[in-house]
Each structure stands twice: as structure tokens, then as C-alpha cells.
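S.K.: First the structure, which I've put down as C-alpha cells, then a few questions once you've had a look.
The values are calculated or read from the model by the stated rules, or taken from the named source; none is laboratory data. Keep in mind that what you see is a predicted model, and the values were worked out from it rather than measured. Using ideal geometry, Cβ is built from the backbone for each residue, glycine included, and neighbour counts are taken over all protein chains shown.
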Amino acid sequence: MSIKRLILNPITAAILMAVFLVLPLSLNNSNGIMVDVAEAGHDKDKDKDKDKDDDQDFDGFIFDTSPLNRTFDCAGLKKLKISYDKDFTATEDAPGPNIKVTGSDSNSCVLVITKVAGSGTTKCGFKPTKTGNNVNIQTANKNNATNCEMLVDVTVPRNTKIFGWNNAPMGDQADTDSDDDDKDKDKDKDKDKDKDKDKDKDKDKDKDKDKDKDKDKDSDVDPDHKADCVAKTGICSNRGTVTVVGMKNLVNVRSGSGSVLLDVTSPNVNLQSNSADLTGRGLTKTGIFKTRIGNVRVKYCKKPQDIGNKALNVQILESNGEVDEDGDALGSDADLQFPKGSEMKIRIAKTTGQYKSDFTHDGSAQFKIAGSVTLGYLFISEYNLPNPPCKY
């Protein structure tokens, strides 16, 4: 073979080089970016006010219907954060609480996530992540799915704090700066709407705004169902029911209408809701219980005089005006239990005549009960301490 046949014309060589360089890039784009663009167009056709599922970042979320069962090392775990999406439901079909946290003496974490029957859609997702000494479990729905319900069951070392951290991703479940749901979902979209509302008053744009408002109402939830979560909320449950057992550190839960039950040994409990019942057993120091119309149940496993200058703050802002099956008013009551022989200052404001206390006000006591109860029953009762007095 002549050597001359192997020498390419410079122009021909340049063309071949361009083909080899460009072709792989074109394939990558068609398999990646083009798919995203097509999905965005599909979403836009379905709902012009929603772009790419409200522009929420679903990277890392699992949307298949298979349950998750994962065990991983949690030695040195400091904080646990769980967010139950505000659009997720809580039904009687669930065989247990939507969120359950169990404290363990092991350094392993066990996470089991299942979807309740009837919500096995691929639009209902979850995302567990472990970053350093923190675990964050997020949930989310696509395309305004309204039938999502999950059971998030996690076992962690019992000294872990159920507490958020400032840079933890929260999706659209929490509100750090505003109570406007749309701002959380799509800030750019809201800015455009605000500008249109301020600048344009013509009928066509007013009609568009009315349609947008209707869509927002359809996709939003009752205000009582949405939790007033902040960055440091440990469990943001919204409508989801919550059970925490066996923990020995700080527990911070904010709920909308999902009931919360704690059976712990905790020096710091902070439970806040809009319309849910709040129960905390096993307190040893500080407690904050705040609800609009829910019932509050608190039980200390330590005598106040052994606690020192700490406080229990209980606030029931309104009374539940609904009635039960027998027609009796449900009301909103507070039941506070302390070990027999406890000493405390009682400084709780109440606009109810239904008040009973096994303890008298002690001006020398450091521990205080503060807060307010509106139109419900208030009981401050004593009980005999078991042995051991605190379970965990």
C-alpha cells in the first residue's frame, strides 16, 4: 500500500474530527436536556400556571410505588428532620401514624416508608438524605396530586434531637419568611403575578387572575391543615399524624390538623398545631404546647421542685365549637399531670369556670405553669410516680 493513500486531505480531516466531536454531544443532549424540555412542555399544556411541577426540585426524590426499607449507620447522629408534604392526606386507611419515630440504644438507623393503599401513584415521592450527623426525610407530590398518603417509620438513637437546622432543605412544606404558599412554590411566578396585579386592570387580565386564584384554591389546603413550620422545626406534619416514643432529647413538632403523641423522657418538648390534639408524656424540664382548638395533655415524670427555674407554657387560643355524635360540645381542654407532692407556681390565665387543681399556688416555687386556656376545662392533677419514674 502506498504511503500517500494514508495521508488525508487537511479539509477532509477537519470534517471527520468535527463529526466525532459533535456526535456524542448531540446524543447526550437528546437523551437528557431534550427530555426535560419535553416534560416541561407537557406540564405547561396541562396547567399553564405550573412550570415543571411548580419549579420544585425533585432531584433525588423516589416516586416509584415500592416501599423503602433501609438500614444505615447513625453513630454520632445529632438531628432528625421529617417533612410531611402539606398536600399529603391522613386517612383512617392508614394502619398507623403517618410519622413514627422510635428511640433505640443502637447506633443504627432503620427507615421504612410505605404508601397507604389508594395513594400508590408515582406522583407521591420521598427523599431520605444523611448529611454529616443529620438525617433529613422529605416528601413531595407532583402535579398537585391530592391522594398521597405515606407511613414514615424511622428508628434512630434515642439521644438524637428531633430538630431542624437553618440550611436544611424543606421543599414547599415550611414557611420561613411568609405565609404565602405560592411564594414557597414558585417565587418567580408570584413576582410576575404581583406586577400584573399592580400594573394591569383590564378585564382580560382580571379574568386570568381570577382563574389563577381558582387554581390556587383548588391546589391549596385548609389553613387549619397547614403547619406553621420554621427552619428549626423537627417534624413538620401538616395533616399527618405523629407518634414519637423512646426519645431522650429535644422534640420539636409543628402540626396543622394531625394529632401528635409523645411518650418520651425529654428535657425540652415544643408542640404547636392549628387544630390538633397534642399529648406529651415524660417531660423533665421545659414544655411548650400551643394549639388553636385542640386538646392538650401533658405529663411530667419529674417533680417541679427538682427541675428548678423552668416553665410549662400551655396555650389554647380558642375552644372547639363542634359537637360529637351525641350532640355534646367537644370543647378544647387542658389536662396537666404532675407527680404527687409537686410544688409550682400556677400563672395560667383562663376564661373558663371549669378549673380544678390538686395543687395550690406556691410563691416560693421556681417552676411555673404559664399560658392561657379559652372556654375549655383545665385540670392540674397529681399521680403516683412509678419506678422508674421516667421510662427512658
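S.K.: Check segment 351-359 and report whether any residue there is more than 24 Å from Lys285 (Cβ to Cβ), surrounded by fewer than 17 Cβ atoms within 10 Å (Cβ to Cβ) and of a type in the set (Val, Ile, Thr).
M.R.: yes
S.K.: Looking at the structure I just gave you, is Gln305 closer than 17 Å to Glu382 by Cβ and among the polar types (S, T, N, Q)?
M.R.: Judged against the criteria, Gln305 is a match.
S.K.: Does Ser266 satisfy the criteria of being part of a strand (DSSP E or B) and under 10 Å from the mean Cα position of the chain (by Cα)?
M.R.: no
S.K.: So, one more: Please go through segment 69-100 and give me each residue that is of a type in the set (Val, Ile, Thr) and within 23 Å of Asn166 (Cα to Cα), ordered by number.
M.R.: Ile82, Ile99, listed by residue number.
S.K.: When segment 306-347 is examined, which residues are found to be part of a loop (DSSP other than H, G, I, E, B), closer than 24 Å to Asp224 by Cα and either of a type in the set (A, V, I, L, M, F, W, C) or in contact with a helix residue (DSSP H, G or I) (Cβ under 6 Å, 6 or more places away or on another chain) (or both)?
M.R.: Result: Leu317, Leu330.
S.K.: I'd like the full set of residues that are charged (D, E, K, R) and within 27 Å of Lys248 (Cα to Cα), limited to segment 97-147. Give the steps one after another, and end with the answer.
M.R.: Taking segment 97-147 as the starting set, the residues that turn out to be charged (D, E, K, R) are 100, 105, 115, 123, 127, 130, 142.
Within segment 97-147, Lys100, Asp105, Lys127, Lys130 meet the criteria.
S.K.: List the pairs whose first member sits in segment 143-154 and is closer than 18 Å to Val101 by Cβ, whose second member is of a type in the set (D, E, K, R) and at pLDDT below 95, and whose Cβ atoms are under 6 Å apart, counting only residues at least 6 apart or on separate chains?
M.R.: Met150/Lys115
S.K.: Collect the residues in segment 125-139 that are touching a Ser or Thr at 6+ places or on another chain (Cβ under 8 Å), closer than 21 Å to Met247 by Cβ and of a type outside the set (S, T, N, Q), keeping them in residue-number order.
M.R.: Val135, Ile137
S.K.: Next question. Could you tell me whether any residue of segment 332-346 is on the phi > 0 side of the Ramachandran plot, of a type outside the set (Lys, Arg) and crowded, with 17+ Cβ neighbours inside 10 Å?
M.R.: no
S.K.: Looking for something more than 27 Å from Pro95 (Cβ to Cβ), surrounded by fewer than 20 Cβ atoms within 10 Å (Cβ to Cβ) and among the polar types (S, T, N, Q) - is there at least one such residue anywhere in segment 233-250?
M.R.: The answer is no, given that none of the residues of segment 233-250 is more than 27 Å from Pro95 (Cβ to Cβ), surrounded by fewer than 20 Cβ atoms within 10 Å (Cβ to Cβ) and among the polar types (S, T, N, Q).
S.K.: Still on this structure, please answer the following. Scan segment 87-98 and tell me whether some residue there is part of a strand (DSSP E or B) and over 17 Å from the mean Cα position of the chain (by Cα).
M.R.: The answer is no, given that none of the residues of segment 87-98 is part of a strand (DSSP E or B) and over 17 Å from the mean Cα position of the chain (by Cα).
Condition check ((1) under 22 Å from the mean Cα position of the chain (by Cα); (2) surrounded by fewer than 19 Cβ atoms within 10 Å (Cβ to Cβ); (3) at pLDDT 95 or above; (4) not hydroxyl-bearing (Ser, Thr, Tyr)) across all residues:
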| site | (1), (2), (3), (4) |
| --- | --- |
| Gln272 | yes, no, yes, yes |
| Arg281 | yes, no, yes, yes |
| Arg292 | yes, no, no, yes |
| Val296 | yes, no, yes, yes |
| Asn313 | no, yes, yes, yes |
| Asp324 | no, yes, no, yes |
| Leu330 | no, yes, no, yes |
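S.K.: If you scan segment 348-380, which residues turn out to be assigned to a strand (DSSP E or B), hydroxyl-bearing (Ser, Thr, Tyr) and under 11 Å from Ala334 (Cα atoms)?
M.R.: The answer is Tyr355, Ser372.
S.K.: Of Val244, Val253, which residue is in contact with an Asp or Glu (Cβ under 8 Å, 6 or more places away or on another chain), part of a strand (DSSP E or B), at pLDDT 95 or above and under 26 Å from Asn147 (Cα atoms)?
M.R.: Answer to the check: Val244.
S.K.: Tell me which residues, restricted to segment 107-124, are in a strand (DSSP E or B), farther than 16 Å from Ala90 by Cβ and either at pLDDT below 90 or touching a Ser or Thr at 6+ places or on another chain (Cβ under 7 Å) (or both).
M.R.: If the condition is that a residue be in a strand (DSSP E or B), farther than 16 Å from Ala90 by Cβ and either at pLDDT below 90 or touching a Ser or Thr at 6+ places or on another chain (Cβ under 7 Å) (or both), then Ser108, Cys109, Val110 are the ones that fit.
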